[in-house]
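Below: the structure, in structure tokens.
Derivation of every value follows stated rules applied to the coordinates shown; laboratory data play no part. The structure displayed is predicted, hence computed values, not measured ones. Please note: Cβ atoms are built from the backbone with ideal geometry, for glycine as well, and neighbour counts cover all protein chains shown.
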Amino acid sequence: VTQSINSIVVVGGGTAGWLTAGLLVAKLDKAGSRRFEVSVIEPKGIPPIGVGEGTWPTMRLTLRQIGVSEREFLKQTGASFKQGTKFKNWRTGKGDHYYHPFDAPKTNGDMPPVAAWKASGSKLSFAQFVGIQEDLCEAQKSPKRHTSREYAGLTNYGYHFEADGMAKFLKDHCQANLGVRLIADHMIGLQCLEDGSVKAVETQEHGYVKGDFFVDCTGFQSLLIKQHFKATTIPLSETFSCDRALVARIPYNETSKIESVTLSTAQEAGWIWDVSLAKRLGVGYVHSSAHTTAERAKEVLSHYIAEKGYDPETLSLRELKFTAGYVDRCWHKNCVGIGLSSGFIEPLEASSIMLTETAARELVEDISASNIDLQSVAAGFNERFKNRWQQVVHFLKLHYIMSSREEPFWVNHRFPKTIPADLQKDFLGWQKSGVIDDFADKEGFQKSLFPMDSYKFVFHALTEGHDSQIGQGGEPIASQAERHLKLLPTNQEWLSHLSGTINVE
Ligand SMILES: Cc1cc2nc3c(=O)[nH]c(=O)nc-3n(C[C@H](O)[C@H](O)[C@H](O)COP(=O)(O)OP(=O)(O)OC[C@H]3O[C@@H](n4cnc5c(N)ncnc54)[C@H](O)[C@@H]3O)c2cc1C
């Protein structure tokens with residue numbers, strides 16, 4: 001049976017809801033052939049999640065596609081730049097660190113980066129040998145000059161923002177510039193057709209809101225996909241034991257620096273993210289309730305905050321609970337779940353919003369034809385996303401199994417029964433050969449969400465004997481770093497220039 005989709009109802013107004021609505025309208029309008037009516041049902045009084053999120057560089061393309069000005073976005077949301085992640089204490093817990101930057105590895109010769117690094121016998125870390133971002137980030141440099149074009153930089157970058165602020169910004173833009181209709185109301189039920197597909201969403205004050213297609217962006221509640229369609233969740237709590245995040249927003253003081261990376265610092269029962277925004281820090285201790293107590297988690301986060309020079313006593317801490325897992329089929333009948341409604345593992349490597357961007361983009365492709373066979377489109381979408389979730393599991397777990405920390409939380413993460421079989425097999429092979437280059441030949445890997453370069457940064461960063469040593473210099477890359485260090489303003493300078501004011505409040 002084929003059908004045509006003209007009106008789409010997005011239920012939920014968090015980042016996933018507004019990003020999806022924006023991409024649906026912007027991309028479909030651009031194709032020129034068809035115009036979809038897109039409505040977003042967003043209740044008052046249920047705030048979206050917003051903790052200080054990091055994005056991938058994909059967000060630049062997404063914002064451009066939605067028709068957003070980068071400067072406006074940065075100004076209005078208080079976002080800042082992200083050039084990768086700096087992992088501290090993940091290997092031994094004794095002051096080690098490594099970088100996973102967004103720039104792809106580069107060398108000047110013909111040799112592939114890993115081979116060149118190994119052959120050189122350099123004392124530099126892999127990230128420093130093959131790129132300049134580690135040096136730039138250590139100096140809190142912006143990826144852009146003041147004169148850089150919108151969405152263009154001298155290095156590859158994404159953003160740090162708070163998702164609630166982002167949702168509000170997108171909501172205004174989608175309504176004012178893209179013609180998305182806001183229905184400020186609660187969903188209280190569903191009306192279905194005989195074949196089980198959704199006919200309308202029942203709301204408290206606006207009655208039944210009809211549509212041809214429905215997107216579930218109701219966050220962890222997953223009102224349509226899990227609660228109505230009873231989608232099965234694939235649990236991951238054995239593989240990833242984190243199930244809590246203790247979160248704080250910290251206003252900057254006069255000594256604050258706006259970092260260019262997400263800082264991820266391993267702790268006894270989890271890790272702390274530290275995300276620099278334009279005017280404040282977002283920090284959170286992701287931890288496992290099976291390996292620590294709420295009181296101890298508070299102590300650990302407070303200690304981290306105090307060490308950074310802030311007073312934890314003046315801050316209110318918020319606890320978020322989650323269970324790692326994803327739905328096996330996120331598309332049922334004429335309804336798809338995007339965002340937290342379809343799953344969440346943990347914030348490591350910030351893949352959640354990227355999955356939302358990917359899902360929204362593919363949805364547009366899948367439903368833009370004038371006659372579509374929903375059943376076969378859904379089957380393809382579900383298959384691809386199941387595979388993507390497995391890829392996220394594979395890459396995230398690699399970080400844990402490479403650690404040699406000895407607290408029970410870390411030891412537990414290395415128990416063979418917690419490691420997916422494919423990762424176990426790949427990892428043993430990489431350890432044996434010392435390289436992961438041949439991984440590119442693995443079936444399906446070319447389409448992986450995480451480029452092989454990302455695997456190399458993590459795997460080789462944790463190779464014995466190659467600790468990061470700042471300022472070693474010598475290689476051609478180092479002179480490039482020096483040039484860029486002179487050319488680029490700091491994040492602080494770039495963002496102050498943008499707002500015309502001093503940014504630290
Ligand atoms: C601790 C933590 C850290 C994270 N860090 C990162 C990160 O660094 N990078 C990253 O990419 N992602 C991160 N994420 C995930 C990221 O925050 C989400 O992917 C993103 O904010 C999208 O959330 P959402 O829109 O799916 O859900 P939410 O923000 O929860 O929005 C759900 C919406 O559903 C709506 N709703 C609820 N009930 C009803 C109802 N009855 N009727 C109508 N609407 C309803 C409300 O409007 C609500 O706003 C993190 C998540 C957590 C929990």
*Radius, Kirkwood style, for the chain when every pair of distinct Cα atoms is counted (Å)*: 23.8
*Using +1 on the beta carbon of Lys and Arg, -1 on that of Asp and Glu, and nothing else charged, what's the dipole of the chain about the Cα centre, debye to 20?*
460
_Relative packing of peptides 35-44, 7-16, 381-390 - highest average C-beta neighbours within 10 Å first_ = 7-16, 35-44, 381-390
_Relative packing of 63-69, 313-319, which averages over residues the other C-beta atoms within 10 Å, highest first_ = 63-69, 313-319
*When you have a sec, figure out the Kirkwood radius of the range 171-269 from all distinct Cα pair distances and drop it here in Å to one decimal?*
18.4
*Along the charge dipole of the range 206-308, which of ALA278, LEU246, CYS217 sits closest to the positive end, that is, farthest toward it, with unit charges on the beta carbon of Lys, Arg, Asp and Glu (+1, +1, -1, -1)?*
CYS217
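Using unit Cβ charges (K, R positive; D, E negative) and no other charged atoms, how large, in debye to the nearest 20, is the dipole of the range 305-426 about its Cα centre? Please report the intermediate quantities before stating the final value.
Details: 14 positive and 17 negative charges, 71 e Å.
I would put it at about 340 debye.
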*Can you put PHE322, PHE214, PHE129 in order of Cβ neighbours within 10 angstrom, beginning with the fewest?*
PHE322, PHE129, PHE214
_Anchor LYS171: aspartates and glutamates whose Cα lies under 12 Å away (excluding residues fewer than 8 positions away in-chain)_ = GLU42
*Bin width 5 Å, alpha-carbon pairs only: give the P(r) of the range 84-172 as whole percents, running from 0 to the bin holding the largest distance.*
3, 11, 17, 17, 18, 15, 9, 5, 3, 2, 0
*Please report, in debye to the nearest 20, how large the charge dipole of the range 33-178 is about its Cα centre when each Lys and Arg carries +1 at its beta carbon and each Asp and Glu carries -1 there.*
160
*Could you state the number of Å between the C-alpha centres of the range 377-398 and the range 40-76?*
24
*Quick one: order THR55, THR323 by neighbouring beta-carbon count within 10 Å, fewest to most.*
THR323, THR55
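Would you calculate, for the chain, the mean residue ellipticity at 222 nm contributed by helices, counting each DSSP H stretch of 4 or more residues as -39,500 (n - 2.57) and dividing by all residues, to the nearest 500?
Details: 15 runs with 177 residues, N = 505.
So the calculated ellipticity at 222 nm is -11000 deg cm²/dmol.
Here are some pairs, LYS27/LYS106; LYS144/LYS298; LYS88/LYS425; LYS86/LYS168; LYS123/LYS279; LYS118/LYS432; which of them have Cα atoms lying more than 25 Å apart in this structure?
Numbers: LYS27/LYS106 33 Å; LYS144/LYS298 37 Å; LYS88/LYS425 27 Å; LYS86/LYS168 29 Å; LYS123/LYS279 37 Å; LYS118/LYS432 15 Å.
Too far apart for the 25 Å limit: LYS27/LYS106; LYS144/LYS298; LYS88/LYS425; LYS86/LYS168; LYS123/LYS279.
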